[in-house]
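Undergrad: Dropping a structure here in structure tokens format, bear with me for questions.
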Amino acid sequence: YRQFAVTIAISVVISGVVALTLTPAMCALLLRPKTKAPGRFFRAFNHGFDKLTNGFTAVVSGLLNRPRMGVALLLLSFASTWLLIDRLPVGLLPGEDQGVVRVLGQLPPASSLPRTEAVRGDVSEQVMAMEEVESYISFAGFDLVNGVMRSHALGGFVSLKDWNERSGTEHSAAAVAERLRGLGGGVQEANMRSFTPPPIAGLSLTGGVEGYLQLRGDTDVALLEQMAGALRQASSSRDELAAVNVIFEAHVPQYHSVVDRDKSKAMGVPVSRIYNTLQSTIGARYINDFSYLGRLWPVYLQSESEYRRQPEDLRHVFVRSDSGEMVPLNALVSLQRRRGADLLNRFNGYPAVRVMANPAPGFSTDQAKSALEEVAVNLPLDADTQMAWIGEAYQLDKASGSAAGAFFMGLLMVFLILAAQYERLFLPLAVATAVPFAALGAALATMLRGFPNDLYFQIGLLVLVGLAAKNAILIVEFAAQNRREGMTAASAAVTAARQRFRAILMTAATFVVGTLPLVIASGAGAASRQEIGTVVVGGMLAASSLALIFVPLAYKLLDDLSCWLALKFRRG
């Protein structure tokens, strides 16, 4: 919003200065009396435009002669605008083809790193075989989603060819990501997932909808597992969701360390010292930092890998007792094999299950988010659960309601400026009549192209407030001048519509033609350009056709109302 506001404000200031200084001078230099008759093409164009003007004036006169029908159509148009905007799916930003696809995969829990690397090699061959792929950087042993080392996790970053070499939706990043998800059929050992990055860097890792299903109250790993399974099953049947991933593994092979506390107390070894020793050898313990080559490097203490591979390696690790004797850890600690969760997420202090999903084709982010919320509410578990959102879904909630405030603030500023210009309160309302028609055209064009009501749609509406008001001002201004010259309100409105029809239509056509490249844009950032172009072109077409018919009617009705009120107050 700030970037848009600064851009438009500076452009309008410069344009205003040029219009008040350079434009009159250029008119004086360039405009000359006609020395010859226009050519055949211009004569034909003028003849056709005169017929169009006559038809337009006849429609305006017909509405002025039937004010009740005109008011009914006006109210119907306003109601249609409200219903169309309300029916548009809500989103934050359109997904962009950034030329990158992220690939994630997981083998069965605790799979060895060599096995994961072998699968990574198979996946790399299949990825590079795709015609859209330019390069692929892959890795094994690191879980990109959770940011931890896991031997059974793999991933990679797919760089696609230039947009000019893969035109068409079937070669877009989203289409490539969809095909990459199908690699799981050819790679039986791994569960493959693929995502396009979010439109704003840093919103999330995978784009789409991302959040945590929190479990409030008493819980354990078994209940979290049931909740994750129920969430997977319920979300798989929702048409709004695609590529749903519930991140929770409860059957990872692991060792559970049991400290013999009585024996450690008898031997004079504090339990805290035992755990510190386990962390410093089997795990990793932070020591300090040191500076080298202008960078800060952390120091961690950990045994070499060959000394912490088997449970029997505990006999090589010693802990000091209070008496100074070195006691082997295997005398105080026993390891038990079991299965459990290797990662337990918490969000807002509550145990939680991480959920990621993309909107299915034809659905928006808000629809996918609402579907997940409904699934979470209707889980067949007697537990206190609640969805908490991060990334794009969180920003969508945070930005809700701001667009309406900005839109009505823009209308208010237009009203106040025009009220100061005309020194009347009713004439600005006639100008504002054109704005809902612009919004109607924008909403209709957006719906026909399948775009959501997101930030670009809202920015387009703000642009249309000024553009639609500009067209209406030309009619209202001339109507007010005609009224001061002694015409009736109806005659002044019809005459003003005829006088300014050509100028309004020509400037609107210039704007629409200049904006059409946005509507058919392709390549990097095409989605955002197509969306904002569709909004402003659709809105200008409506503001330059339907609005021009009803603005004279609004002027006439409001002028009659103003005269009636003035007469009533004088009599009173």
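The values are calculated or read from the model by the stated rules, or taken from the named source; none is laboratory data. Keep in mind that this is a model prediction, so the values were computed, not measured. Using ideal geometry, Cβ is built from the backbone for each residue, glycine included, and neighbour counts are taken over all protein chains shown. Remember, those area values only see protein heavy atoms, side chains included, never the ligands or the DNA or RNA. Shrake-Rupley method; radii C 1.70, N 1.55, O 1.52, S 1.80 Å.
Undergrad: From the list SER257, SER235, SER272, which one is more than 19 Å from VAL355 (Cβ to Cβ), open to solvent by less than 60 Å² (accessible area, probe 1.4 Å) and modelled with pLDDT of 85 or more?
TA: So the residue among SER257, SER235, SER272 that is more than 19 Å from VAL355 (Cβ to Cβ), open to solvent by less than 60 Å² (accessible area, probe 1.4 Å) and modelled with pLDDT of 85 or more is SER257.
Undergrad: Which residue, of LEU76, LEU22, is over 32 Å from the mean Cα position of the chain (by Cα) and either closer than 20 Å to VAL435 by Cβ or not basic (Lys, Arg) (or both)?
TA: Only one candidate qualifies: LEU22.
Undergrad: Any residue in region 545-557 that is more than 30 Å from HIS47 (Cα to Cα), in contact (Cβ under 8 Å) with a residue 60 or more places away in the chain and open to solvent by 10 Å² or more (accessible area, probe 1.4 Å)?
TA: Yes, some residue in region 545-557 is more than 30 Å from HIS47 (Cα to Cα), in contact (Cβ under 8 Å) with a residue 60 or more places away in the chain and open to solvent by 10 Å² or more (accessible area, probe 1.4 Å).
Undergrad: I would also like to ask the following. Find all pairs meeting these conditions: Cβ atoms under 9 angstrom apart; at least six residues apart or on different chains; first residue within region 216-245 and in a strand (DSSP E or B); second residue of a type in the set (Lys, Arg) and open to solvent by 20 Å² or more (accessible area, probe 1.4 Å).
TA: That search, which allows pairs on different chains as well, returns ALA242/ARG181; ALA243/ARG181; ALA243/ARG193; VAL244/ARG232; VAL244/ARG238; ASN245/ARG193; ASN245/ARG232; ASN245/ARG354.
Undergrad: Pull up region 26-57, narrow it to residues that are within 23 Å of LYS470 (Cβ to Cβ) and not polar (S, T, N, Q), then point me to the one that is farthest from the chain's Cα centre (by Cα).
TA: By that ranking, first place goes to LEU31.
Undergrad: Another question, if that's okay. Which of the residues belonging to region 348-375 are among the small types (Gly, Ala, Ser) and either open to solvent by 50 Å² or more (accessible area, probe 1.4 Å) or in contact with a Phe, Trp or Tyr (Cβ under 7 Å, 6 or more places away or on another chain) (or both)?
TA: Of everything in region 348-375, those that are among the small types (Gly, Ala, Ser) and either open to solvent by 50 Å² or more (accessible area, probe 1.4 Å) or in contact with a Phe, Trp or Tyr (Cβ under 7 Å, 6 or more places away or on another chain) (or both) turn out to be GLY349, ALA352, GLY362.
Undergrad: Can you tell me which of (1) within 15 Å of SER257 (Cα to Cα); (2) crowded, with 16+ Cβ neighbours inside 10 Å; (3) touching a Lys or Arg at 6+ places or on another chain (Cβ under 6 Å) is the one ASN345 doesn't meet?
TA: Going through (1) within 15 Å of SER257 (Cα to Cα); (2) crowded, with 16+ Cβ neighbours inside 10 Å; (3) touching a Lys or Arg at 6+ places or on another chain (Cβ under 6 Å) one by one, ASN345 breaks only (1).
Undergrad: Go over the candidates LEU84, LEU20 one by one and state the one that is open to solvent by 60 Å² or more (accessible area, probe 1.4 Å) and over 30 Å from ARG339 (Cα atoms).
TA: LEU20
Undergrad: Give the residue that is farthest from GLY340 (Cα to Cα), with candidates limited to residues of region 108-132 that are open to solvent by 10 Å² or more (accessible area, probe 1.4 Å) and part of a loop (DSSP other than H, G, I, E, B).
TA: My answer is GLU131.
Undergrad: A further question follows. Kindly indicate which of VAL101, VAL176, VAL145 is closer than 30 Å to GLU531 by Cβ, part of a loop (DSSP other than H, G, I, E, B), open to solvent by less than 30 Å² (accessible area, probe 1.4 Å) and touching a residue at least 60 places away in the same chain (Cβ under 8 Å). Before the answer, list the steps.
TA: Values: VAL101 fails: part of a loop (DSSP other than H, G, I, E, B); VAL176 fails: part of a loop (DSSP other than H, G, I, E, B).
Of VAL101, VAL176, VAL145, the one residue that is closer than 30 Å to GLU531 by Cβ, part of a loop (DSSP other than H, G, I, E, B), open to solvent by less than 30 Å² (accessible area, probe 1.4 Å) and touching a residue at least 60 places away in the same chain (Cβ under 8 Å) is VAL145.
Undergrad: Pick from region 479-491 the residues that are in contact (Cβ under 8 Å) with a residue 24 or more places away in the chain and among the hydrophobic types (A, V, I, L, M, F, W, C): which of them is surrounded by the most Cβ atoms within 10 Å (Cβ to Cβ)?
TA: Taking the candidates together, the pick is ALA479.
Undergrad: Restricting attention to region 26-46, and to residues there that are under 21 Å from GLN499 (Cβ atoms) and surrounded by 10 or more Cβ atoms within 10 Å (Cβ to Cβ), which single residue is modelled with the lowest pLDDT?
TA: Checking each candidate, the answer is PRO38.
Undergrad: Additional query: Just give me the residues in region 303-341 being assigned to a loop (DSSP other than H, G, I, E, B) and either farther than 28 Å from GLU249 by Cα or open to solvent by 90 Å² or more (accessible area, probe 1.4 Å) (or both), in sequence order.
TA: Scanning region 303-341 gives GLU304, ARG309, GLN310, VAL317, SER321, ASP322, SER323, GLY324, GLU325, LEU332.
Undergrad: One residue is enough: does region 477-495 have a residue meeting the conditions in a helix (DSSP H, G or I), within 27 Å of GLN3 (Cβ to Cβ) and at pLDDT below 90?
TA: No, that holds for no residue.
Undergrad: Turning to a different aspect of this structure: Of VAL535, VAL512, which residue is open to solvent by 10 Å² or more (accessible area, probe 1.4 Å), modelled with pLDDT of 90 or more and in a helix (DSSP H, G or I)?
TA: Numbers: VAL535 fails: open to solvent by 10 Å² or more (accessible area, probe 1.4 Å).
The match here is VAL512.
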